[in-house]
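The values are calculated or read from the model by the stated rules, or taken from the named source; none is laboratory data. From a predicted model like this one, the values you see are computed outputs, not experimental measurements. Every residue, glycine as well, gets a Cβ built from its backbone with ideal geometry; the counts of neighbours run over all protein chains shown. For accessibility, only protein heavy atoms count, side chains too; no ligands or nucleic acids. Shrake-Rupley method; radii C 1.70, N 1.55, O 1.52, S 1.80 Å.
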Amino acid sequence: MPDLTTIIYGNELQRWLIALAVTVGTLIVLRLVEQVLIVRIHRLASKTSTVIDDVVIGALRKTKFSFLLIVSVFVGLMFLELPEWIRKIDWQVIVIATLIQSGIWISTGLQLWLEHYRNVERDGASRTTMNALSFLGRLALWTIIILLILDNLGINVTALVAGMGIGGIAIALAVQNILSDLFASLSIVLDKPFVNGDF
């Protein structure tokens, strides 16, 4: 029967138990904070007519349990003496998880705001334009997140970004007439220099 001073992978059994307790406690606290925030903001949202609080609630509801678990394990491992390479992997995992969760929050917020815009806006052209802009925004967001993840893993993304830039210039030159018409139509839809009924 091992006692609390038994050494397991460089740490006493007592420290492993403390780390486990801290992990479970952190997970419970994070879940409680998440639920309390959702309830509080939901009460606030029922008293206001702005879309911001609805977007925040929707984004918080997309918080993944796996993200909270990774954060909890990260906090628990701080109470153990671990080799440097494990600390490095642990840090990379928490950074990647945070980037992905942030992307989910922002993407969900954009989608909820777009749904609200669709319900309010009656002009079909404006709704179509906002759909396209929302898609481009989410595409840019996840491209940036993927590049940050690759950079965090130690991959040199400078050449990749330079290649994407050169490729973007080449594509823009190849379809410059189409892009010119596209941006002109976006300018008309967003600025609305004329509306139905003008003559």
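Numbers at a glance
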item: Count of the range 77-86 residues which are surrounded by 14 or more Cβ atoms within 10 Å (Cβ to Cβ) and out of contact with any strand residue (DSSP E or B) (no Cβ under 6 Å at 6 or more places or on another chain); result: 3
item: Whichever residue in the range 51-60 is assigned to a helix (DSSP H, G or I) and open to solvent by less than 70 Å² (accessible area, probe 1.4 Å) and, among such residues, is farthest from Ser102 (Cα to Cα); result: Asp53
item: Number of the exception - Ser66 against (1) surrounded by 12 or more Cβ atoms within 10 Å (Cβ to Cβ); (2) assigned to a helix (DSSP H, G or I); (3) not aliphatic (A, V, I, L, M); result: (1)
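Condition check ((1) farther than 28 Å from Ile146 by Cα; (2) open to solvent by 60 Å² or more (accessible area, probe 1.4 Å); (3) part of a helix (DSSP H, G or I)) across all residues:
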site: Arg15; (1), (2), (3): yes, yes, yes
site: Leu27; (1), (2), (3): no, no, yes
site: Gln35; (1), (2), (3): yes, yes, yes
site: Val39; (1), (2), (3): yes, yes, yes
site: Ala45; (1), (2), (3): yes, no, yes
site: Ser49; (1), (2), (3): yes, yes, no
site: Ile70; (1), (2), (3): no, no, yes
site: Val75; (1), (2), (3): no, no, yes
